[in-house]
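Structure first, then comments.
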Amino acid sequence: MRRGARKHWARAAAAILVAAAFASSGARAQEASTQPNYLPQPGHSENVPIAALSVEIKTPSGDAARDAEALAAVQRLAAGLVGQSFDVIQVTRLIARIESEASVRKVTYDLLPLGANAVRLRLLVDAAPKQLADKLPQGVLAGNLADFPVLYKSDRSLFTAIVAGGLGVYSDGNAWFGQPALFNAYNPLAGHLPGASTAWTEGSLELGGGFATQLGDAPLYAFGALTGMKSWSVGQDIYTDQTRDFDKIEKAYAGLLYVDPDTRNFAKLSVGGQTFTLNDGFLVNLVKGSVNAGERGATYLGPRLASQVSVLASGRFGSWTGNAFYIDPSELAQTDTHSGYLGANLGYAVNDNVTFDATAITITSSDQHYANPDGLDLPRQGLNTVAAHLLWKNLLTDGVFVEGEFGHQWHPDYAMSAWAGYGTIGYIARDLPWTPSLSFRYSAFSGDDPHTRTYERWDPLLNTGLGIWLQGINFGKVTTNSNLATERIQLNLVPVEQLNVTFDYHRLTAPQLNNLGSNPAISSLTSHNLGQEFTLTGRWAISRNLYLQTIASYALPGAALRSIGADKPWSTLQLSLYWGL
């Protein structure tokens, strides 16, 4: 057989292998969920970074000196929360301690949006002296029905109900750039596909409970949570018109927390079905902890975040922070890749403005194999990733920030060398009305050059995140962060502290025309130009219990998509209301 013919048949065989691989993991290449990376409500914010803390006197005592003393005491006792991940059980338990040690009548809190991947914790203080009744146990089990969802609270223990949910209304025009059958030909989750326009509703309800209690006299606490969730979809979405509802355990974890009462140092270990995000989600984002598709419904609302099982360890000692994790995502039975991720991260804060960290991750198990033009057997299991990350705030002048991360991947059993990285520069005008911020980010994820023996396509691991690494609400459903270079401009406004308005522009290109491993419809490209997307997102913390997210996005296909007939602009309008007690 001639060399050219051999090459032709090798490529044909590879295409067949791609189709087979996609049939076993079709949903993985499509990121439909637009679940926020954070929800500033108690029931929705587990493991979201607390990037800032503020303390305010809500109810003065009438004595200015006492108010100032109470404010300072609360700030001192709560300072260690900055840099930790939010946990409703632990924060409520700490508040009980603050109320006792700061001798204030009551402390409440709320969460406020802060960028795209963090929250600001605001503590509101009733500075009046404690009354006798205030020192008694509180909660439903103590006879105070008005305290719900708190079941029992003392200065040592907390038991609380967890009640949360969401409702959403969604509408897409020209879904899949007008070619739904082309992009879903090998998708096992696809049923009746949409026409030129479609609209549907989704919802979820989560119920359960959690606890935190001090063990003995040491600053050592046990904590845990167990919840179940029902999710549903009604109407024609971008995959099917089948009405679905699904019941499943969501959170199921327990752990230990040690907090040094005199410093900000802590150590935490937890095991079970829970959520985890590393930095800004460049490598690991909580949204990838669970799949929201198929029989589970609520594909855009994206309420399911907890992994099948995770082991998480974190801590801080002085300027050093550390994380170790094992994550087994909760996948659908028909698309389960049986992938496990083992990793560690070590960070150092040079000062309040400069931090850097390094990460190593290995895939301990996986049924997936990488598609390649030569049809070689390249197992995903055993993949190694290392990355280094830097964040520098207030560079040269107040408000200017730069951030970057670079990663490398290799496999011990075959020639592989993949890389990814990004650089961001931005400015936050803190003194101007609406606190505008503007940033530019360039990111690149390597593709596989078919002319080399080395496999070079970047594996995105658990990378995603609305407004961060979901690079286009619509494009994120047909592309992954592999063989992708993107220019992003982001403008953020804060009209009031409860409201964020963000505009994102993405321009997407493919470094390699060989795109095997992506959606089979675009496994071979005729152009590097994938397209552009314009997105406007509103995030409104209506109250401590209600959060509204609105999205309008418009994606224009580039030459690579137009050449296969996907030539219509894809628009989406989304309205999601999340609530939690």
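The values are calculated or read from the model by the stated rules, or taken from the named source; none is laboratory data. As the structure is a computational prediction, the values presented were derived from the model and not from experiment. Cβ atoms come from the backbone with ideal geometry, glycine included; neighbour counts cover every protein chain shown. Protein only, heavy atoms only, side chains kept; ligands, DNA and RNA dropped before computing areas. Shrake-Rupley method; radii C 1.70, N 1.55, O 1.52, S 1.80 Å.
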Protection proxy (average C-beta count within 10 Å per residue), highest first, orders 349-359, 504-514, 263-273 as 504-514, 263-273, 349-359
Taking only the alpha-carbon atoms of the stretch 81-128, the convex hull volume per residue, in cubic angstrom, is 71 Å³
In terms of the alpha carbon gyration tensor, root eigenvalues a ≥ b ≥ c, rounded if a/c is under 1.5 and otherwise prolate when a/b exceeds b/c or oblate, the stretch 197-348 is prolate
Along the stretch 181-187, Karplus-curve 3J(HN,Hα) (6.51, -1.76, 1.60; θ = phi - 60°) to the nearest Hz, with x for Gly and Pro, reads 5, 5, 7, 10, 4, 10, 8
Given a 1.4 Å probe, the accessible area of the chain per residue, as a whole number of Å², is 40 Å²
Asserting the computed 222 nm helical MRE of the chain (DSSP H runs at least 4 long, -39500 (n - 2.57) per run, divided by residue count, to nearest 500) equals -3000 deg cm²/dmol
The relative contact order of the chain, taking Cα pairs under 8 Å that sit 6 or more residues apart, comes to a percentage of 14 percent
Packing-ranked peptide list from 163-174, 57-68, 403-414, highest mean Cβ count within 10 angstrom first, is 163-174, 403-414, 57-68
In debye to the nearest 20, the charge dipole size for the chain, taken about the Cα centre with +1 at each Lys and Arg Cβ and -1 at each Asp and Glu Cβ, equals 560 debye
Along the dipole axis of the stretch 501-581 (charges at Cβ: +1 for Lys and Arg, -1 for Asp and Glu; origin at the Cα centre), the most positive-end residue among Leu508, Ser518, Tyr547 is Tyr547
Among the Cα-Cα pairs of the stretch 51-112, the proportion with separation greater than 18 Å, in percent, is 31 percent
Cα-Cα pairs in the stretch 117-199 separated by more than 15 Å, as a whole percent of all pairs, come to 77 percent
Computed over the chain: longest principal axis from alpha-carbon atoms vs helix 64-78 long axis, angle to nearest 10 degrees, is 40 degrees
Taking max minus min of the Cα coordinates of the stretch 358-432 on each principal axis, largest first, gives extents in Å of 57, 24, 19
Computed about the Cα centre, the charge dipole of the stretch 437-553 from +1 Lys/Arg and -1 Asp/Glu charges at the Cβ has a magnitude in debye, to the nearest 20, of 200 debye
In degrees rounded to 10, the 0-90 angle between helix 88-101 Cα long axis and the longest Cα principal axis of the chain is 20 degrees
Per residue convex hull volume, Cα only, the stretch 323-461, in Å³ is 155 Å³
Once the mean of 1/r over all distinct C-alpha pairs in the chain is inverted, the Kirkwood radius in Å reads 24.9 Å
Checking rank on 473-483, 422-432, 202-212, 324-334, with mean other Cβ inside 10 Å and highest first, the result is 473-483, 202-212, 324-334, 422-432
Magnitude of the Cβ-charge dipole (Lys and Arg +1, Asp and Glu -1) of the stretch 221-314 about the Cα centre, nearest 20 debye, reported as 120 debye
Checked against the positive end of the charge dipole of the stretch 215-314 (+1 on Cβ of Lys and Arg, -1 on Cβ of Asp and Glu, about the Cα centre), the farthest of Leu278, Leu215, Tyr258 is Leu278
Binned at 5 Å from zero, the C-alpha pair distances of the stretch 261-329 give percents of 4, 16, 20, 21, 15, 11, 7, 4, 2, 1
